[in-house]
Amino acid sequence: MIKCPFCNAVYPENTLFCQECGSYLAGANGQGTDPLIGQTVAEVNPTAGDSAGFMTLTLAFDSGGRIELPLSKEIVLGRLDAGRAVFPDIDLTNEQGMEMGVSRRHARVVRRGNQVFVEDLNSLNGTFLNAARLAPELPYPIKDGDKVQLGKLILTVHLK
Amino acid sequence: MKHEIDPQRDYYAILGVLSDADEQTIKRAYRQLARRYHPDAVARRADQPEPAEQSGQGEPGAEDGAPAPAGTAERFREIQQAYELLNDPQQRETYDHWRRQEGLDRPPAFVLSTIVSHELLPCLDESQSLYVLVKISAAEEIESRRMPLNLCLVLDRSTSMKGARLQQVKEAARYIVDQLGEDDILSVISFSDRAEIVVAGQWPADKAAARAAISRIQADGGTELLQGLKAGLEELSRWRRDDMLNSLILLTDGQTYGDDQACLEEAGWAGVQHIQLVTMGIGPDWNDDLLDRMAGLSGGISLYIDSAAKISRTFQEQIHTMGDVFAQNLALLIHCGEGIEVREIFRIAPQIKPLHLDDSQVALGLLEKQQPQVVLLELLVSSQQPGRVRLLQLALEGSVPAVGDHMVRIQQDVAVTFAPDLTGATGTIGRPPVPPDIVTAMGKLTIYKMQARALAEVETGQIDTAVNRLKTMATRLLNIGEAELARAALLEAGHLAQTGSLSGEGRKKLRYGTRGLTIVPKEVHP
């Protein structure tokens, strides 16, 4: 038997997806975010980018996946946990979010005026912008081509 | 009993064996088929009580059991004849010789290939899941022969169709007239409170008169589906032949009242007659449950057209699909090994649809030449001894007009290896990964199932659960890049939370949108 780590539904061994919350079950072991060992933290102030008129955010994963979203409202990145009613706009479970140390509510992307910002939501393993760790709960401007890292998961930002 | 040897008939395909099959294989194939088609066995199955009908709760495509086994006796004779011939070495050699002379020793008409989620399974004390993806396609080498159409368009001309909708429908109908081949028969029915024959089926078709008659259709009155459906089926049965593609395209934009049950009965009758219904709904106000079930009962499909501008394209796609039909009355036969249970079967492509296993058989309808069908089986496997185990025996049957009037059959086994020492391995380490095609297909299918459950929960008043499910679904849809559908799911979650019901449009968007989450695996290893 295996148990869905998100909503505790029980399935036979080797079941691929949870029928309740749609989580990918192969390889998921625990439900909490494990702290990552041996990460270095450097305080760097990233330079502001010019993102005038951007409407769409595209996140590209090293795995080859891409997610495109309109920037009309804030976008929360994290891991979906139906059991705790956490519904991020972008669920990173299938990008190995759990193994990479992504929190349920990890970071968010917002547009204010002509600028797009990323903000860490006090995540356990931190959010990095071009390899520099961000202070939690402070918005940092991002530009096209920036690398945003959640825990160990690296996303390349494309703005259109 | 001696029979005339007919080199045009593919006796190998009738038995579902390759032309180099040895005696044992031929014997085994014959025994299996004989068990299935022997008149006594057929009679015995027919005596058994019908399984209780499924409550069609928003569950699309609920198909009834196979109709009375017409033609089984004939099929049995065919099987016997093929076996008698191939089992006699002398006759077989003569037959092979003739076939080579006439260039008829061709490869089988179908290609059946499978992938399993786990090639290597641990021996466990408990049951485990296993997924099998089955891809069915037309053999490339075989030239497709277009089947003549016996087509009836049944068009809603109620007041609400006035304007762009009716304009587009007429244009689409005229396009179909232009596309008709020499052997095709077309009839057109319009309906409101009653039905009128706009174009009666005739051969050869008078295209100019048909175009003119279609142009004269006027919008007026209510929507009485049954009237149109009955008139359409009547026209079709006047010309119906087994070697034709008998199809009825029904298009409506409104609710019909009080005749739902009668419509379903007509649809069931159409299925028995091998007339497929393609039901199309325009706009937010028609009854998707009804149209879906009608299509399902007849082995056809139902389609959602969200704006008048898309009517033409939908008709065009349908008429081209019909021109591309390679095989009819396709059925997948599944025999499970010991300790194997088929839990669910879904069609994954061209459109997601739940399928039903009835007497070890799944009806798959039509196969297009260019568009493979992909079916996903979810199995429950109970404990097995170590070693190679045959889980399933699959056989595919269907009639392929391009190779003759007999049933074509091919077979394939699905086997995996059980290993005792896998139990010790932790997590995914040391195990080959699940093939990406299966993960993608199951991921999309899971979203489709969430949709079906959410709609069912709304029906039974579990509003909070349904709201949460729609939200989860939205996140999953975003994950796979389906931003538009995700937005629709979120909007419906909001609408549902506020009003306790779904919007007519959103409900259809989700229902039909999730069906389009299909995949066709590029590389499937036979």
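The values are calculated or read from the model by the stated rules, or taken from the named source; none is laboratory data. Just so it is clear, the structure is predicted and the values come from calculations on it, not from any experiment. Here the Cβ positions follow ideal geometry from the backbone for every residue, glycine too, while neighbour counts run over all protein chains shown.
A few notes on this one:
- For the stretch A:103-129, a residue qualifies if it is more than 15 Å from the chain's Cα centre (by Cα) and not in a strand (DSSP E or B), and the qualifying residues are A:G113, A:N114.
- Of residues in the stretch B:367-424 being basic (K, R) and in contact (Cβ under 8 Å) with a residue 40 or more places away in the chain, the one surrounded by the most Cβ atoms within 10 Å (Cβ to Cβ): B:R409
- Among (1) in a strand (DSSP E or B); (2) not assigned by TED's automatic domain parsing to the domain that holds B:L186, the one test that B:E338 misses: (1)
- Looking across the stretch B:459-493, the residues that are within 11 Å of chain A (Cβ to nearest Cβ), outside any helix (DSSP H, G or I) and out of contact with any Asp or Glu (no Cβ under 9 Å at 6 or more places or on another chain) come down to B:I480, B:E482.
- Residues of the stretch B:126-158 that turn out to be within 14 Å of chain A (Cβ to nearest Cβ), part of a strand (DSSP E or B) and among the hydroxyl-bearing types (S, T, Y), as a count: 2
- Of all residues making up the stretch B:2-18, the number that are surrounded by fewer than 19 Cβ atoms within 10 Å (Cβ to Cβ) and either under 14 Å from B:R100 (Cα atoms) or in contact (Cβ under 8 Å) with a residue 40 or more places away in the chain (or both): 6
- Residue in the stretch A:117-124 that is loosely packed, with under 15 Cβ neighbours inside 10 Å and either within 20 Å of A:T58 (Cβ to Cβ) or among the small types (G, A, S) (or both) present: no
- Scanning the stretch B:469-486 for residues that are of a type in the set (K, R) and modelled with pLDDT under 90 turns up just one, B:R476.
- Some residue of the stretch B:451-458 being touching a helix residue (DSSP H, G or I) at 6+ places or on another chain (Cβ under 7 Å), in contact (Cβ under 8 Å) with a residue 40 or more places away in the chain and within 11 Å of chain A (Cβ to nearest Cβ): yes
- Just one of the listed residues (B:A62, B:A109) is surrounded by 15 or more Cβ atoms within 10 Å (Cβ to Cβ), away from every other protein chain (no Cβ under 14 Å) and modelled with pLDDT of 85 or more, and it is B:A109.
- Applying the criterion of being within 16 Å of B:D437 (Cα to Cα) and not hydroxyl-bearing (S, T, Y) to the residues of the stretch B:113-125, the residue that is nearest to the other protein chains (Cβ to nearest Cβ) is B:H118.
- Residue count for the stretch B:248-277, restricted to those that are part of a strand (DSSP E or B) and out of contact with any helix residue (DSSP H, G or I) (no Cβ under 6 Å at 6 or more places or on another chain): 4.
- Taken over the stretch A:81-95, the criterion of being within 11 Å of chain B (Cβ to nearest Cβ) and over 10 Å from the mean Cα position of the chain (by Cα) is satisfied by A:D81, A:A82, A:G83, A:A85, A:V86, A:F87, A:N94.
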